[in-house]
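Below is one structure, written out as structure tokens; the observations come after it.
The values are calculated or read from the model by the stated rules, or taken from the named source; none is laboratory data. Quantities reported herein were computed from a predicted structural model and do not represent experimental measurements. A quick note on method: Cβ atoms are made from the backbone with ideal geometry, for glycine too, and the neighbour counts reach across all protein chains shown.
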């Protein structure tokens with residue numbers, strides 16, 4: 001019988017992920033939606049439609065409410081940026 005090691009839901013962050021986290025930290029992002037997270041950077045929808053939801057699921061960006069609001073880094077997101 002072959003077994004596989006489960007892959008963590010959040011793997012290593014890409015350069016894009018880190019750039020988005022820096023933009024959130026700089027106050028340049030808005031996030032909205034509960035079922036489908038929408039991330040705006042400088043007022044423009046992020047071209048990587050999976051980036052925002054991935055960072056929210058990883059606990060690096062605070063989960064948004066139903067309406068658009070300023071995106072916030074969580075304590076984990078802040079710690080990750082400080083370590084980078």
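May I ask you to list the residues in the range 47-58 that are touching a helix residue (DSSP H, G or I) at 6+ places or on another chain (Cβ under 7 Å) and either modelled with pLDDT of 95 or more or not in a loop (DSSP other than H, G, I, E, B) (or both)?
The answer is 51, 55.
Quickly run through the range 65-75 and pick out the residues that are surrounded by 12 or more Cβ atoms within 10 Å (Cβ to Cβ) and not in a loop (DSSP other than H, G, I, E, B).
69, 70, 73
More than 12 Å from residue 77 (Cα to Cα), at pLDDT below 95, out of contact with any helix residue (DSSP H, G or I) (no Cβ under 9 Å at 6 or more places or on another chain) and not in a loop (DSSP other than H, G, I, E, B) - does that describe any residue in the range 4-11?
no
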